[in-house]
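One structure below.
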Amino acid sequence: MWLGPSLKVPFRGVYHWDWRWILDYSGGQLTDWAGHHIDIANWGAGLEHTGPFEITGEGFYPNEGIFNVPVEYDILCKYANGIEMRVANASRYPMGMGTTWYGDLGWLHVDRGGKISASDPKILEEKIGDKEIHLYKSENHWQNFIDSVRSRKPAIAPIEVAFRAISVALLGEIAMTTGQKIKWDPEKEEIIGNPVASRLLSRPYRKPWTLPTV
């Protein structure tokens with residue numbers, strides 16, 4: 001039961017936290033952090049309901065042991081509106097972990113601890129006007145979910161938004177695994193012109209596991 005629909009293998013002393021370093025169950029830190037950082041990047045760039053049309057990536061994998069997820073990665077995603085998003089492990093960025101937006105007049109960075117920095121500190125002093133965009137604010141995500149169930153209003157993190165964030169990481173994994181440029185249709189949610197890469201969008205389920213279809 002612990003293995004779920006993945007391949008049946010002998011117990012190897014890996015459980016709880018460390019299962020995420022094995023590709024049969026996870027994509028490593030890349031997919032671990034995607035829901036946190038790519039989610040915020042999409043939010044700030046207005047990409048919450050779409051995806052990239054082109055993905056390239058380079059990964060570095062362990063040479064020995066049972067852990068086989070990429071320990072370093074560098075992925076570039078291109079979007080139809082001209083935005084490019086780079087997703088990489090923290091050591092590849094001068095500011096480390098977090099999300100950075102680059103614009104014509106400078107940059108803005110935020111980390112998981114809530115620290116915000118900018119190319120010009122005056123940017124952080126600007127006030128958002130009443131008619132400008134104000135982001136959805138939630139002090140308690142659990143309560144926000146319950147409130148949304150009751151009111152039928154969208155939660156701060158709807159499933160569609162979560163899907164768009166994790167799909168960037170998963171497409172990056174496919175690009176690194178195949179060593180190829182991935183062409184993606186964000187509307188049909190299909191890889192274009194690459195049957196080998198397309199097969200990596202899913203995996204066979206070990207019996208008796210099944211995935212119900214609607």
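Values quoted throughout were computed directly from the atomic coordinates according to the rules given, and no laboratory measurement underlies them. For clarity, every value in this text was computed on a predicted model and none was experimentally measured. All Cβ positions, glycine included, derive from the backbone under ideal geometry; neighbour counts span all protein chains shown.
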Practice problem: Identify which of the listed values of Cα extents along the principal axes in Å was calculated from the structure shown: (i) 65, 54, 35; (ii) 58, 43, 38; (iii) 51, 36, 28. | Solution: (ii)
Self-check item: With Cα atoms, 0 to 90° folded angle of helix 159-178 axis to the chain main axis
Solution: 50
Quiz item: Got the relative contact order for segment 109-214 handy, in percent, Cα pairs under 8 Å and 6 or more residues apart?
Solution: 10
Self-check item: Length gained when the stretch residue 141-residue 53 is fully extended (0.36 nm per residue, less Cα-Cα span)
Solution: 28.6 nm
Quiz item: Do you know the relative contact order of the chain, to the nearest whole percent, from alpha carbon pairs under 8 angstrom that are 6+ apart?
Solution: 25
Quiz item: Which value, in debye to the nearest 20, gives the size of the charge dipole of segment 127-168 about its Cα centre, when Lys and Arg are +1 and Asp and Glu are -1 at the Cβ?
Solution: 80
Quiz item: Normalised by the number of residues in segment 23-118, what is the relative contact order in percent for Cα pairs under 8 Å and 6+ residues apart?
Solution: 21
Practice problem: Find the centroid of the Cα atoms in segment 102-146 and in segment 24-97, then give the distance between the two in whole Å. | Solution: 21
Practice problem: Treating the angle as unsigned and between 0 and 90°, give the value, to the nearest 10°, between the Cα long axis of helix 29-45 and the longest Cα principal axis of the chain. | Solution: 30
Quiz item: Which angle from 0 to 90°, rounded to the nearest 10, does the C-alpha axis of helix 141-151 make with the longest principal axis of the chain?
Solution: 80
Quiz prompt | Distance-filtered residues of segment 59-87 - backbone nitrogen under 14 Å, label point 7 angstrom along residue 9 Cα→Cβ | solution = 62-70
Quiz item: Based on Cβ point charges of +1 for Lys and Arg and -1 for Asp and Glu, what charge dipole magnitude is obtained for the chain about its Cα centre, in debye rounded to the nearest 20?
Solution: 760
Self-check item: Contour excess over end-to-end distance, with Cα ends at residue 18 and residue 122 and 0.36 nm allotted per residue
Solution: 33.1 nm
Quiz item: Given 0.36 nm per residue, what is the gain on full extension from residue 105 to residue 90 after removing their alpha carbon distance, in nm?
Solution: 3.0 nm
Quiz item: Classify segment 115-214: rounded, prolate or oblate, from the alpha-carbon gyration tensor (a ≥ b ≥ c, eigenvalue square roots; a/c under 1.5 rounded; otherwise prolate if a/b is larger than b/c)?
Solution: oblate
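Within a Cβ distance under 14 Å of residue 199, other residues only, what is the Lys/Arg minus Asp/Glu net charge? Please list the in-between numbers first.
Numbers: positive: 203; negative: 173, 190.
Neighbourhood net charge equals -1.
When a/c reaches 1.5 or more, the comparison of a/b and b/c decides; with that in mind, is segment 151-209 rounded, prolate or oblate per its Cα gyration tensor?
oblate
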